[in-house]
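Step one of this worksheet: look at the structure below.
The values are calculated or read from the model by the stated rules, or taken from the named source; none is laboratory data. Keep in mind that this is a model prediction, so the values were computed, not measured. Note that we place each Cβ from the backbone using ideal geometry, even for glycine, and neighbour counts take in every protein chain shown.
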Amino acid sequence: MNIMQNNLSSAKTPFPLTKPMAQAIVGGLKGLVDIDGGPTLEQTRILNALATHILGFDMSSISKSAAISPAQLAGLLPDPKYQRIFMQIAIVLDLCRHPKNEKQFLRVEEYAAAFKFNGVELKILRDFAHLSAIDATADFIRLYGSYTPELSEHHGNLPPVDPKDLDDQFFERLEQLAHMPYGSLGWAFTNFYARSKFEVPGRDSPNPSYYVSHDMGHVISGYEATGPGEVALGAIKLAIDGSDANWMASLANFLIHEVGLFTHGTDVQFIPHGGDGDPYYTAGVRGTVDMPGAADLFAEALQRGAACGGDFTKLDHLAIAHMPLIEIRRELKIPPLSKSMYDDKDLWPSSY
């Protein structure tokens, strides 16, 4: 059964990069983090992981003199798609510097100005740099709401703009997932919710279509509902399709799990978390990407997404819930994780 219908996006992130392009991006990133004594240990781990998984060389082989200024980088990266990749990584590195640092933010803006780049993500970064957590969260939620229809379940024709517009069939199919055969997508979805101690979305849930799509992504990609797993899920989706919606979703994961700016709510989509400043670190808690193995999981997710043969986010998952998960993964050509997050080795194809 062909589930893809040629839906692989033309916006697929262009990994792996050519060596000259990778060297230019790494040189720019070294210039980006060269403030206040250089990169933090967490930023260094991220750079090393990105170099290993998607840039194709060892960061230790790049000398200190390889740092590239904003003006130089603009000349080496005239293509907007590579400028966008650089800026996305730059924004991640900014969010992963703790405590938050005004010089780091200003350095990001220098590279953005050299590219004449003024995307909405810079406003998000400015909000985080200069507003309280509550005000920055409120602004982000307003912005993010415009992307949730695109990130919601593709049930029927198009995702509904308003959750109240979901039809009875949507909820009936959700209820049927618990009765799907062993090894099917529906069975795996139900087990994912049981492991994660979540309640399966229903008529009274906030944005059920959004969360069904999001969590089907967890199931198909193999990432658990942990902080590192959430960040990795955002990364694999972004590498498959570099759309604005996927980029906003990836940013949301960093703001929640790395920065601690806000957290998931129960009766609304998000609830502001913390006060002014850098809530995870003022509370003495590390950000997600600083946890052991998390930087590699993030970088590997970008690599896996670039290698996928289809986009698992643009499916009507409820319509294929009866299908074996192993066959869905085979058809989408999803590479297995180098180290599984749970015992699912029997649910991955041995060959593609």
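What to note about this one:
- Yes/no for SER146 being modelled with pLDDT of 90 or more, closer than 24 Å to LYS314 by Cβ, of a type in the set (Gly, Ala, Ser) and surrounded by 15 or more Cβ atoms within 10 Å (Cβ to Cβ): no
- Test result for GLU172, out of contact with any Ser or Thr (no Cβ under 9 Å at 6 or more places or on another chain), under 22 Å from PRO80 (Cβ atoms) and either without any contact (Cβ under 8 Å) to a residue 40 or more places away in the chain or of a type outside the set (A, V, I, L, M, F, W, C) (or both): no
- Single match in THR44, THR52 (criterion: without any contact (Cβ under 8 Å) to a residue 24 or more places away in the chain and part of a helix (DSSP H, G or I)): THR44
- For segment 184-197, the criterion of a residue being over 23 Å from the mean Cα position of the chain (by Cα), assigned to a loop (DSSP other than H, G, I, E, B), more than 20 Å from MET248 (Cβ to Cβ) and not hydrophobic (A, V, I, L, M, F, W, C) is satisfied by no position.
- Residue in segment 175-188 that is under 23 Å from ASP34 (Cβ atoms) and at pLDDT 90 or above present: no
- Hey, HIS154 touching a residue at least 12 places away in the same chain (Cβ under 8 Å), under 30 Å from THR13 (Cβ atoms) and not assigned by TED's automatic domain parsing to the domain that holds HIS322 or not: yes
- Test: residue in segment 110-124 that is over 30 Å from GLY75 (Cβ atoms), of a type outside the set (A, V, I, L, M) and in contact (Cβ under 8 Å) with a residue 60 or more places away in the chain: no
- Filter result (at pLDDT below 95 and surrounded by 22 or more Cβ atoms within 10 Å (Cβ to Cβ)) within segment 220-230: PRO228, GLY229, GLU230
- Given (1) of a type outside the set (Lys, Arg); (2) under 21 Å from the mean Cα position of the chain (by Cα); (3) assigned to a loop (DSSP other than H, G, I, E, B); (4) not assigned by TED's automatic domain parsing to the domain that holds ASP296, index of the condition ALA225 fails: (4)
- When residues of segment 248-271 are limited to those that are of a type in the set (Gly, Ala, Ser) and assigned to a helix (DSSP H, G or I), the one modelled with the lowest pLDDT: ALA252
- Unique residue being of a type in the set (Asp, Glu), assigned by TED's automatic domain parsing to the domain that holds LYS314 and at pLDDT 95 or above when the list is ASP204, ASP168, ASP215: ASP215
- Residue ID - surrounded by the fewest Cβ atoms within 10 Å (Cβ to Cβ), chosen from residues in segment 4-26 that are of a type in the set (Ser, Thr, Tyr) and at pLDDT below 55: SER10
- Listed by first and then second residue, the pairs linking a residue in segment 234-247 that is within 10 Å of GLY305 (Cα to Cα) and in contact (Cβ under 8 Å) with a residue 12 or more places away in the chain to a residue that is of a type in the set (Asp, Glu) and in a helix (DSSP H, G or I), with Cβ atoms under 7 Å apart and 6 or more places separating them unless they lie on different chains, form an empty list.
- Qualifying residue in segment 67-75 (condition: surrounded by 21 or more Cβ atoms within 10 Å (Cβ to Cβ) and more than 21 Å from the chain's Cα centre (by Cα)): yes
- Residue within segment 77-98 that is small (Gly, Ala, Ser), in contact with a Leu (Cβ under 7 Å, 6 or more places away or on another chain) and under 30 Å from PHE312 (Cα atoms) present: yes
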